[in-house]
Structures are given as structure tokens and as C-alpha cells.
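Student: My questions all concern the structure below.
The values are calculated or read from the model by the stated rules, or taken from the named source; none is laboratory data. None of the values given here were measured: they were computed from a predicted structure. Cβ: placed from backbone, ideal geometry, glycine included. Neighbour counts: every protein chain shown. Accessible surface areas use protein heavy atoms only, side chains included; no ligands, DNA or RNA. Shrake-Rupley method; radii C 1.70, N 1.55, O 1.52, S 1.80 Å.
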Amino acid sequence: MKAIVERAARYSAGSLDSRGLAALEEQLTYAEFKASVMQGDDSGRLLEYVNTHVIFQAGVDFESKPMVVFCACNLPSTKEADYDRMLNLIIFRLDEFVENDYTVVLFTSGATNAPGWQWMSKAYRRLDRKYRKNVKNLYVVHPSMWSKMLFQVLGRIVR
């Protein structure tokens with residue numbers, strides 16, 4: 001079991017490809033995988049940053065649905081953070097809300113560290129129907145040119 005957790009820790013550092021991840025997930029329980037990714041090799045600093053600056057709950061809307069705030073403007077530099085691990089942390093955070101209706105508020109203005117198209121494509125593929133079906137409202141606050149283009153492209157793909 002210790003070897004499995006060590007391999008999961010290496011994944012959280014970004015050293016496994018998708019085939020290795022699938023094999024690893026078969027051996028790990030979800031809780032073990034989640035715990036190893038959350039801990040990471042930075043003593044949980046990225047987890048704390050993601051939960052306080054990137055994605056968090058900001059109360060409820062007028063229909064008593066939780067409001068999940070995603071601040072793309074606070075994404076760290078790709079040189080400072082492992083975006084694959086950060087995606088896992090964001091998904092783990094979304095797991096708290098996806099069973100019921102929820103609202104997403106997206107802040108994009110002033111984002112200096114926009115992720116690349118390849119990462120955005122990977123993130124979109126990872127967010128399966130479970131994450132999309134209960135989003136009842138999506139508010140984009142002060143959309144940047146990057147977010148406008150992203151929504152135009154995704155809008156044409158999703159239809």
C-alpha cells in the first residue's frame with residue numbers, strides 16, 4: 001500500500017501520464033488518491049491557495065443555491081504551480097457542490113496567468129456531466145477577451 005501512495009504522490013507532482021493514472025486509480029481508493037493529491041510535495045500550500053483564492057463558496061443566491069466563485073484572475077503562474085494537480089484540487093472542491101443545484105460566478109478580468117488551450121481542453125474533458133448538469137447559473141464578471149474567446153469556442157463545441 002505504501003508503494004501505491006508513493007506513486008500517487010509522484011502523480012501529484014506531474015510525473016504520470018494518463019495511462020499511468022488509470023492504472024494507479026484502479027489500485028487506489030478515491031479517498032487515498034484524493035489525500036495524496038491534496039498533500040502534494042508542498043505541504044498543502046497549493047491546496048490552501050486554491051481553496052482561498054481560486055475557488056470557494058461565497059454564500060447562497062436568491063434561490064438558496066450555493067454560489068461557487070472561481071477567480072481565474074488569481075491563478076498562479078505555470079512556473080509556480082503544477083496545473084494538473086491544481087485541476088485535481090479544483091475538481092475535489094467542486095465535488096462538494098455537484099450533487100445539488102449551484103451557481104458559478106467567474107471572475108476573469110485582470111488575469112495575468114491564463115492557462116493554455118491544451119490545459120483548458122483537458123480541464124473541460126475532465127469535467128464530465130456530473131459537474132455540468134447542476135450548474136443552474138453561470139455569471140461572468142468583467143469578461144476578458146480571453147474568456148470571451150473561450151466561451152465562443154466552447155459554445156460551438158458543446159452544441
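Student: Could you please let me know if Asp84 is among the acidic types (Asp, Glu) and in contact with a Phe, Trp or Tyr (Cβ under 9 Å, 6 or more places away or on another chain)?
Tutor: On the way: among the acidic types (Asp, Glu): yes; in contact with a Phe, Trp or Tyr (Cβ under 9 Å, 6 or more places away or on another chain): yes.
For Asp84, the condition - among the acidic types (Asp, Glu) and in contact with a Phe, Trp or Tyr (Cβ under 9 Å, 6 or more places away or on another chain) - is met.
Student: Of all residues in the range 126-156 being within 13 Å of the chain's Cα centre (by Cα) and either touching a residue at least 12 places away in the same chain (Cβ under 8 Å) or within 15 Å of Tyr83 (Cα to Cα) (or both), which is most open to solvent (accessible area, probe 1.4 Å)?
Tutor: Checking each candidate, the answer is Arg126.
Student: Looking at Asp95, Asp61, which is the one that is of a type in the set (Asp, Glu) and either crowded, with 18+ Cβ neighbours inside 10 Å or within 13 Å of the chain's Cα centre (by Cα) (or both)?
Tutor: On inspection, the qualifying residue turns out to be Asp95.
Student: So Val104 fits all but one of (1) open to solvent by 10 Å² or more (accessible area, probe 1.4 Å); (2) over 13 Å from Tyr131 (Cα atoms); what number is the exception?
Tutor: All conditions are met except number (2).
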